[in-house]
1. Restricting the search to region 38-75, which residues are in contact (Cβ under 8 Å) with a residue 40 or more places away in the chain and away from the ligand (no atom under 12 Å from the Cβ)?
2. Examine region 50-72 for a residue that is among the hydroxyl-bearing types (Ser, Thr, Tyr), part of a helix (DSSP H, G or I) and closer than 24 Å to Tyr268 by Cα, and state whether such a residue exists.
3. So Arg133 passes all but one of these: (1) open to solvent by less than 30 Å² (accessible area, probe 1.4 Å); (2) within 16 Å of the ligand (Cβ to nearest atom). Which condition number does it fail?
4. Being among the hydrophobic types (A, V, I, L, M, F, W, C), at pLDDT below 95, open to solvent by less than 30 Å² (accessible area, probe 1.4 Å) and in contact with a Leu (Cβ under 7 Å, 6 or more places away or on another chain), is that true of even one residue in region 24-38?
5. Here's a check for you: in region 152-187, which residue that is more than 21 Å from Ala24 (Cα to Cα) and surrounded by 18 or more Cβ atoms within 10 Å (Cβ to Cβ) is farthest from the ligand (Cβ to nearest atom)?
6. Which residue pairs have Cβ atoms under 7 Å apart, sit 6 or more places apart or on different chains, and have a first residue in region 142-155 that is part of a loop (DSSP other than H, G, I, E, B) and a second that is not hydroxyl-bearing (Ser, Thr, Tyr)?
7. Between Gly93, Gly103, Gly78, Gly88, which is modelled with pLDDT under 95, on the phi > 0 side of the Ramachandran plot and more than 12 Å from the ligand (Cβ to nearest atom)?
8. State which residue pairs qualify: first residue over 17 Å from Pro248 (Cα atoms) and inside region 260-285, second residue of a type in the set (Lys, Arg) and outside any loop (DSSP other than H, G, I, E, B) in any location, beta carbons under 7 Å apart, and separation of 6 or more residues or different chains.
Amino acid sequence: MSASSDYERHREILKNSLDKPHVARIYDYYLQGESPNNWVIDRDFAERMLQILPEARTFAVANRGFLRRAVRYLRAQGIRQFVDIGSGLPSAGAVHEIADEIGTDSHVVYVDNDPVALAHGQILLADTADPDRHHALGGNFFDTETLWQRIIDSGYIDPHEPVALLLVALLHFMPPTSVPTPTEALAFYRSILPRGSALVLTHATDEGTTDRLKEVAAQYVRVATSPVHLRPHAEVKDLFGDFELVDPGVVWTPQWKPELAGENEQPYSGDPAATLAVCGVGIKR
Ligand SMILES: C[S@@+](CC[C@H](N)C(=O)[O-])C[C@H]1O[C@@H](n2cnc3c(N)ncnc32)[C@H](O)[C@@H]1O
């Protein structure tokens, strides 16, 4: 299919996606306010959530800040391959842009199961990415073997070299009742990654927060395209299995290596628990 017919197909998908607020676009609104990537239906829902839980914006900004610092850290450790599942919209400061800060030898594959996020992603990448090194594909985290094979078949990732698997603000959309369970699916990815690979994740947690977060989670279940399932800190730590946690371990998102923030990134000075999410980076030894 030609680039222009791809583009038309994506525009068509976006035009037909206005019946429900979309989690990736709601997140985009929390992150940067009104933008060409979010639509009225997303903004109305996001504003309602911000009324209940103003920290939702803090969550998104701190979450993306962690993602950028983790990519910088792993690039400095020599990792050149990134697979970002649940990538959402690769807007300003996305993985490929950060990975390229220290050289143009990295490869990034973005994966999202939402055709709307994928359509936005492919349109954004057409403007900012290098098609020889950066790629977006539609795929579901739960498809484990099939998805991994498709990622390898895309030709962008060498399965024998270390890979950073990014599951950032993804797993809290996965209730434990899914088949396979999120833990089983994650165990597959941990087992298939070669030694020296990294697992990077953030997860919304119900620890230290109030009923307001639970109310927002319930609204996502009722109205948005993905339900939210919160997990306590200890359960998030278990998601790393036997991967070795990089210091400082599983912490609130602003507490993970704040010294790696970019020059234009504001340091976070509020209560870390107000970011609602914990994060970590684990290495397969
Ligand atoms: C809040 S966005 C996170 C964006 C990005 N990872 C970040 O943290 O900046 C979550 C994304 O996960 C995607 N998602 C939810 N369930 C998924 C699944 N089973 N497989 C792949 N993507 C999924 C949603 O479509 C959405 O785009």
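The values are calculated or read from the model by the stated rules, or taken from the named source; none is laboratory data. On a predicted model such as this, the values are computed, not experimentally measured, just so you know. Positions of Cβ are backbone-derived with ideal geometry, glycine not excepted, and every protein chain shown enters the neighbour counts. The area values use the complete protein model at the heavy-atom level, side chains included, leaving out ligands, DNA and RNA. Shrake-Rupley method; radii C 1.70, N 1.55, O 1.52, S 1.80 Å.
1. Listed by number, the residues that qualify are Phe45, Arg48, Met49, Ile52, Leu53, Glu55, Thr58, Arg69, Arg72, Tyr73, Leu74.
2. Looking for residues that are among the hydroxyl-bearing types (Ser, Thr, Tyr), part of a helix (DSSP H, G or I) and closer than 24 Å to Tyr268 by Cα, one finds at least one in region 50-72, hence yes.
3. If we test Arg133 against (1) open to solvent by less than 30 Å² (accessible area, probe 1.4 Å); (2) within 16 Å of the ligand (Cβ to nearest atom), just (2) comes out false.
4. From region 24-38, those among the hydrophobic types (A, V, I, L, M, F, W, C) are 24, 26, 31; that's our starting set.
Adding the requirement that they be at pLDDT below 95 leaves 24, 26, 31.
Remaining after also requiring open to solvent by less than 30 Å² (accessible area, probe 1.4 Å): 24, 26.
Next cut, in contact with a Leu (Cβ under 7 Å, 6 or more places away or on another chain) only: 24.
So far as region 24-38 goes, yes, one or more of its residues are among the hydrophobic types (A, V, I, L, M, F, W, C), at pLDDT below 95, open to solvent by less than 30 Å² (accessible area, probe 1.4 Å) and in contact with a Leu (Cβ under 7 Å, 6 or more places away or on another chain).
5. Taking region 152-187 and keeping what is more than 21 Å from Ala24 (Cα to Cα), we get 152-164, 176-177, 179-181, 183-187.
Keeping just the survivors that are surrounded by 18 or more Cβ atoms within 10 Å (Cβ to Cβ) gives 156-157, 162-164, 185-186.
Details: Tyr156: 17, Ile157: 17, Pro162: 20, Val163: 16, Ala164: 13, Ala185: 9, Leu186: 12 Å.
Here the residue is Pro162.
6. Listed by first residue and then by second, the contacts come to Ser154/Val109; Ser154/His135; Ser154/Leu137.
7. When all the criteria are applied, what remains is Gly103.
8. Partner pairs satisfying both residue conditions: Gly262/Arg68.
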